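Have a look at the structure below before the remarks.
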Amino acid sequence: MNTTAIHIPSAKPKALTDSDWVRHGFIGLTLLIIGLFLILPLATVLIEAFSKGWTAYAGSLTHPDTLAAIRLTLLTAAVTVPLTTFFGISAAWAIARFDFRGKNILITLIDLPFSVSPVIAGLIYVLMFGARGWFGPWLDDYDIKIVFAVPGIILATLFVTFPFVARELIPLMQEMGHEEEEAALSLGASGLRTFFKVTLPNIKWGLLYGVLLCNARAMGEFGAVSVVSGHIRGLTNTLPLHVEITYNEYDFVGSFASASLLAALAVVTLVVKSYLEWRQTLDRKVSGDA
Amino acid sequence: MSINLKNISKHFGSFTALDNINLDIPEGELVALLGPSGCGKTTLLRIIAGLEQADQGQVFLKGEEVTDKSVKNRKIGFVFQHYALFRHMTVFENIAFGLRVKSHSERPSEAIIRRKVHDLLKLVQLDWLSDRFPDQLSGGQRQRIALARALAVEPSVLLLDEPFGALDASVRKDLRLWLRHLHHELNVTSIFVTHDQEEAMEVASQIVVLNQGRIEQKGSPSDIYDNPSNDFVSRFIGQTNVFHLEKDDCAWLQSAGIIIDEPKGIIAHVRPHNIQIEKPAASANSPVYLKDWQHLGGTIRLELDRGASNGSNTIIYAEMPNEKFRELALERGDRVALRIKHAHWFN
């Protein structure tokens, strides 16, 4: 409701347009950079992946180690994304709806994973749960494996994906205000019902957007996961790690075939992201026009 | 008594929003909580609704204490200043919401919900909008839908927070009268918050004037207008001319030949329509002259300059019917004689 529609005339007056060579120069430069640094590498991935034909490509994708890496990546995303979503909603709720001391510090802390190097994120868990870490001996006593095992990978991924949903929702919920929820409560709805019937429909596009970015990061994370994984083939290798290992072993087709999956994920993410952004602006425009 | 408030206080940090409020509102009244912004009127309304918790005091609705009850169990209808309609639901679903969220045993059947929503839509005269979304409606329509939604749960009290605050002047005027008539029809005890004294006078059967977290006066509109209990109420409830008799005003009043029946205090508040204007007798050299006038529809407002020598050229406002003004045939700059018919006295 706060957005004011500004109508920019499509044909700008002559006096405000830059001369042709400036416009073409900038557009050309941008296209060149994108081609050189984005399209070309992406094409290389595909070319290399198919360099020995379709069967070699399919063969390396169906290799047991590759399949194990895909499975682990999907498992990691399946665990971390719901947890991050749940945390994101509760954090956004707390920050948008309640006033409390230290709120700004909390907002800053939520952003911490963005500013910490992922390697350090991985290292933290090694230092805590590793064989010589704080809880190492205790975990050893009970035969619980965290580092160099799946739980460590999930924890490291959680750490790096932690802010995605919360960051998306906080400004959205702050802008939206509390009145619709109060109205639902005054009409006799329970808190849970209010959330599912009133709050969630209003934040759904922003929420999906955050979930999408979170998912892309969870599946693509390399640094943090690399530290805690231990690179055990078929057990603790996620897809990005698998790309690195096969490349280091000169299995280029295998490496680029796995990379092509990640590239496909990126493209799908991009398309869905554009769709969600479009839906969000559409929703805001409708309520802004009224 | 439908609503009773006992010793309600509320602080925000060091700011006292409400200071020991006691208020009883009888069944079926349409009450205005009137006061300047920041006087605590919205906070009080939200405390009655349960959307805000008082630091101290008790709230009773229909004799039952609800102080610690959550808003959803208070059986109140609340109408928000900015409507707060559910933007992703149609008008129909908005109104049906309160019925649909009832527990399984209390929830009416779909057919009854349908009939009830359409009855409410007819009541607010917007039956043809049931399939629209809130953002396709005008402000006035949205507010009427918000009211229908609040009424759907058959609340024991209806609470409205600045219900006309976000509307255009002309729509506001229509809706005021409409609300008053609707209240006659439904007779549900209602409280609305406003900072507009004209709106309070026009709509409410009882007015509660609040200032700085305290109740200044409570009474019918005419009661409050005719017998303001203090200086604040008198100034707030309508235009008034203020004369301080202990300062040089007293001497000035005498020299101006202005007759005040008999002083009963130090400060006199005189409403514009209680000042009678006459053409001065030839001998009287009244210091007051007509500076300007404005048409206010049926009446004329005159700006009278006191022409005081001490530089305090305060303006006195007077009002009179159009015909009377025409009879007097005054021009700008003409000397006039004043007679104060009625004044409110404060110390």
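The values are calculated or read from the model by the stated rules, or taken from the named source; none is laboratory data. As the structure is a computational prediction, the values presented were derived from the model and not from experiment. Glycine gets a Cβ as well: all are built from the backbone with ideal geometry, and neighbour counts include every protein chain shown.
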Does residue A:235 meet the test of being over 27 Å from residue A:155 (Cα atoms) and either away from chain B (no Cβ under 14 Å) or within 15 Å of the chain's Cα centre (by Cα) (or both)? no
Spans of helices (runs of 4 or more DSSP H) in the range A:91-205 with at least 3 residues buried (at least 16 other Cβ atoms within 10 Å of the Cβ) and either of a type in the set (Lys, Arg) or away from chain B (no Cβ under 14 Å) (or both): A:118-129, A:150-161, A:163-176
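When the range B:9-24 is examined, which residues are found to be among the acidic types (Asp, Glu) and more than 10 Å from residue B:213 (Cα to Cα)? If you could, list the steps in order and put the result at the bottom.
Let us first name the residues in the range B:9-24 that are among the acidic types (Asp, Glu), namely B:19, B:24.
Across the range B:9-24, the qualifying residue is only B:24.
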Result of the Cβ filter at 7 Å on the range A:219-237, keeping first residues that are at positive phi and partners that are assigned to a helix (DSSP H, G or I), at least 6 apart or interchain, is A:231/A:241; A:231/A:245; A:234/A:64; A:234/A:65; A:234/A:68
With A:272, A:211 as the choices, which residue is in contact with a helix residue (DSSP H, G or I) (Cβ under 8 Å, 6 or more places away or on another chain), buried (at least 19 other Cβ atoms within 10 Å of the Cβ) and either in a helix (DSSP H, G or I) or of a type in the set (A, V, I, L, M, F, W, C) (or both)? A:211
Within the range A:238-267, residues under 14 Å from residue A:65 (Cβ atoms), of a type outside the set (D, E, K, R) and free of Cβ contacts under 8 Å to residues at least 12 places away in the same chain come out as A:247, A:248
Can you name every residue in the range B:263-288 that is of a type outside the set (S, T, N, Q), assigned to a loop (DSSP other than H, G, I, E, B) and modelled with pLDDT of 65 or more? B:263, B:264, B:265, B:266, B:271, B:279, B:280, B:281, B:287, B:288
Could you check the range B:81-106 and list, in sequence order, the residues that are closer than 17 Å to residue B:154 by Cα and surrounded by 17 or more Cβ atoms within 10 Å (Cβ to Cβ)? B:92, B:93, B:94, B:95, B:96, B:97, B:98, B:99, B:100, B:101
How many residues, within the range A:118-154, are in contact with a helix residue (DSSP H, G or I) (Cβ under 7 Å, 6 or more places away or on another chain) and over 17 Å from residue A:232 (Cβ atoms)? 9
What residue, of B:294, B:239, is of a type outside the set (Asp, Glu), within 32 Å of the chain's Cα centre (by Cα), assigned to a loop (DSSP other than H, G, I, E, B) and at pLDDT 80 or above? B:239
Could we say that residue B:74 is in contact with a Gly (Cβ under 7 Å, 6 or more places away or on another chain) and either within 22 Å of residue B:159 (Cβ to Cβ) or at pLDDT below 90 (or both) here? yes
I'd like to know if the range A:279-289 contains one or more residues that are at pLDDT 85 or above, away from chain B (no Cβ under 14 Å) and in a helix (DSSP H, G or I). no
Of the residues A:244, A:277, only one is more than 14 Å from the chain's Cα centre (by Cα), within 21 Å of residue A:44 (Cα to Cα) and surrounded by fewer than 19 Cβ atoms within 10 Å (Cβ to Cβ); which? A:244
Name every residue in the range B:134-171 that is within 11 Å of another protein chain (Cβ to nearest Cβ) and among the small types (Gly, Ala, Ser), in order of residue number. B:138, B:139, B:146, B:150, B:152, B:166
Every residue from the range A:247-261 that is surrounded by fewer than 18 Cβ atoms within 10 Å (Cβ to Cβ), in a helix (DSSP H, G or I) and modelled with pLDDT of 85 or more: A:247, A:248
